1. Normalise the Cα radius of gyration of the stretch 1-106 by 2.2 N^0.38 Å (N = residues in it) and let me know the number.
2. Order these by the 10 Å Cβ neighbour count, fewest first: Val21, Val63.
3. Under a crude label model (7 Å from the Cα following the beta-carbon direction), how far is Ala57 from Phe117 in nanometres?
4. Measure nothing but the geometry: give the 0 to 90° angle between the long axis through the Cα atoms of 71-83 and the longest principal axis through the Cα atoms of the chain, rounded to 10°.
5. Specify which residue in the list Ile33, Pro129, Val80 is farthest towards the positive end of the charge dipole of the chain, using unit charges on the beta carbon of Lys, Arg (+1) and Asp, Glu (-1), about the Cα centre.
6. Ranked by Cβ crowding within 10 angstrom, fewest neighbours first, how are Asp115, Asp59 ordered?
7. I want to verify a result. In a Gaussian network model of the chain, Cα cutoff 10 Å, which of these has the top mean-square fluctuation: Phe52, Phe66, Phe117?
8. If you rank Ile118, Ile124 by fewest surrounding Cβ atoms within 10 Å, what's the result?
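No value in this document is a laboratory result; all are computed from the given coordinates. Quantities reported herein were computed from a predicted structural model and do not represent experimental measurements. Positions of Cβ are backbone-derived with ideal geometry, glycine not excepted, and every protein chain shown enters the neighbour counts.
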Amino acid sequence: MSLVVGSWFMRQPESIRPAMVAERLRAATGLEIEARSTEDTLRIPALREELFDWTTAGDAVTVHGFMPAHPYLWENLDAVMGAAGGQRSTAGHVWRPNPAHARLRVHWSTLSPRDRFILSTRSIFGARPLDRLLVRGLT
């Protein structure tokens, strides 16, 4: 199974903990975020996604998820990390936002029922084929 890697450079990387990110993601999205403190894993049941293996090395905070990157989760994670003072890594192997998905950086309740349906659909064979409808902005 392939992984998505997200990495942000932080002024105070030691202050970024999964439980804090869970609180901020919950506030930003309105979704239930389960923080498992012993495993450093965040589980998002409505999206059937997890963020795991949080590490801090130097001034970088890195987290992993399973491929393909969930557009709503990763866009909102990037927004939370940016609001905490993070600057996304420009390394070639890390997640980068899709400009077409920028409109997903909103509370879950403000999305259309159609978009919520698409975003809550499981990946199929390592792909998210319905996400192309989000890119087209057919809401």
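1. Ratio of Rg to 2.2 N^0.38 Å for the stretch 1-106: 0.96.
2. Arranged by neighbour count, lowest to highest, Val21, Val63 become Val21, Val63.
3. 4.3 nm
4. Once rounded, one gets 40 degrees.
5. Pro129
6. Exposure proxy ranking, most exposed first: Asp59, Asp115.
7. Residue with maximal mean-square fluctuation among Phe52, Phe66, Phe117: Phe117.
8. The fewest-first ordering by Cβ neighbours comes to Ile124, Ile118.
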